[in-house]
Amino acid sequence: MHDADLDVYLHDSDRIAALRADARAGLTSTPKWLPPKYFYDARGSALFEQITRLPEYYPTRAERSILDTRAASIATITGAKTLVELGSGSSEKTRLLLDALREHGTLGAFIPLDVSAAALREAVVALRTDYPDLHVRGVVADFVEHLDLLPHAGGRLVAFLGGTIGNFTPEERTPFLSTLRAQLETGEWFLLGADLVKDPAILVPAYDDAQGVTAEFNRNVLHVLNDALAADFDPSTFTHVALWDPAAEWIEMRLRSTRDQSVHLPALDLTVHFSAGEEMRTEVSAKFRPAGLREELSEAGFSLRHWWTDEQSRFGVALATAS
């Protein structure tokens with residue numbers, strides 16, 4: 001389906017069907033879990049924008065500093081004709097790449113891909129205003145399910161920024177990276193932002209800020225289930241938990257029930273019991289070591305060509321080519 005600004009491959013009915021399936025699977029598992037993608041309704045997206053500006057939340061600033069310093073080099077190295085961004089959101093940081101690639105003189109098209117039609121349409125309108133000589137076409141799709149829909153323009157650079165790769169478990173990352181590689185021609189480029197393993201004293205506060213914005217963001221998944229599935233979660237009865245798992249090398253976000261309670265989801269004909277103190281996992285955020293990331297990319301068919309970090313080595317940006 002097409003509209004004036006977007007190619008739409010993911011519809012509201014698709015999102016609701018996926019939410020229903022994921023909620024049923026996660027809430028009937030032991031331990032319970034919910035996927036992090038359901039944080040992001042309009043309220044959740046606004047809360048995350050607040051998170052990126054918090055003093056404790058270093059990833060956005062660290063990645064931006066890398067792109068600010070290296071965008072011109074990325075443009076020169078790749079000579080990309082088409083920039084594709086997975087999970088684009090507002091594409092704010094991506095403007096550093098757009099500016100550098102246009103200055104280099106090779107870029108002709110920008111294809112942002114995101115699950116939110118409303119956010120993507122707003123971003124496309126703004127980008128077309130600011131870059132009138134650039135072909136901008138938004139794609140409403142799930143970057144896990146719809147990688148085969150990437151436009152087959154030549155000379156592509158696919159950007160996957162923000163450390164979102166960390167929201168996949170290793171078992172999920174492997175097929176994602178392999179599927180992405182299969183969609184690219186040999187010699188095309190992949191730009192990946194990844195948060196790095198570091199002192200938990202820095203990591204944990206980034207996911208458990210003093211103002212409680214991340215806690216409210218975490219509980220937003222319950223508001224989403226209430227709105228979409230007529231559930232009767234009382235978010236005030238769940239506390240936010242963020243902890244570092246040193247074995248898995250990831251941050252886990254959880255919601256802990258403060259009391260024994262039963263939650264009803266009429267849309268699923270489901271009643272779920274929570275015991276006092278029971279925790280439900282809502283997100284993992286894996287952190288990486290450079291050698292491990294190089295190995296994962298290599299196993300998927302990518303060759304790491306360049307690796308950059310911010311001045312404090314908190315965050316890394318990998319530039320790889322499809323080999």
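The values are calculated or read from the model by the stated rules, or taken from the named source; none is laboratory data. Values in this document were obtained by computation on a predicted structure and should not be read as measured data. Virtual Cβ from ideal backbone geometry, glycine too; neighbours counted across all protein chains shown. Each accessible area value is taken on the protein alone, full model and side chains, heavy atoms only, with ligands, DNA and RNA left out. Shrake-Rupley method; radii C 1.70, N 1.55, O 1.52, S 1.80 Å.
Under 29 Å of direct C-alpha separation, and excluding same-chain neighbours fewer than eight residues apart, residue 93 reaches these lysines: 37, 81, 198, 287. Along the charge dipole of the chain, Cβ charges K/R +1 and D/E -1, which of 239, 117, 210 sits furthest on the positive end? Comparing the listed Cα positions along the dipole, 210 ranks first.
Counting protein heavy atoms only, segment 183-323 has 46 percent of its accessible area on carbon and sulfur, 1.4 angstrom probe.
Reachable aspartates and glutamates from residue 32, Cα under 12 Å, same-chain residues fewer than 8 places away excluded? Cα-Cα hits under 12 Å: 22, 278, 279, 283.
With a 1.4 Å probe and all protein chains left in place, how much accessible area per residue does the chain have, in Å²?
Details: 13890 Å² over 323 residues.
Value for the chain: 43 Å² per residue.
Counting Lys and Arg as +1 and Asp and Glu as -1 over every other residue whose Cβ lies under 15 Å from the Cβ of residue 92, the net charge comes to -3. Indicate the gyration tensor shape class of segment 1-113 (rounded, prolate or oblate), computed on the Cα atoms with a ≥ b ≥ c the square roots of the eigenvalues: a/c under 1.5 is rounded; otherwise a/b larger than b/c is prolate and the rest oblate. Taking the square roots of the gyration eigenvalues as a ≥ b ≥ c, segment 1-113 is oblate. Percent of accessible area on segment 129-172 owned by carbon and sulfur, 1.4 Å probe? Taking all protein chains in place, segment 129-172 shows 51 percent carbon and sulfur surface.
Of all complete DSSP H helices in the chain, those with a Cα span along the helix axis of 18 Å or greater and a mean Kyte-Doolittle hydropathy of 0.5 or more are 117-130.
Considering only DSSP states other than H, G, I, E and B, which GluC sites (Glu not before Pro) in segment 251-315 qualify as loop sites with at most 14 other Cβ atoms within 10 Å? Please report the intermediate quantities before stating the final value.
Numbers: sites: 252, 278, 279, 283, 295, 296, 299, 311; in loops: 278, 311.
Here the sparse-neighbourhood loop sites are 311.
Per residue, the average separation of C-alpha pairs within less than 8 Å and at least 6 apart gives the chain a relative contact order of 21 percent.
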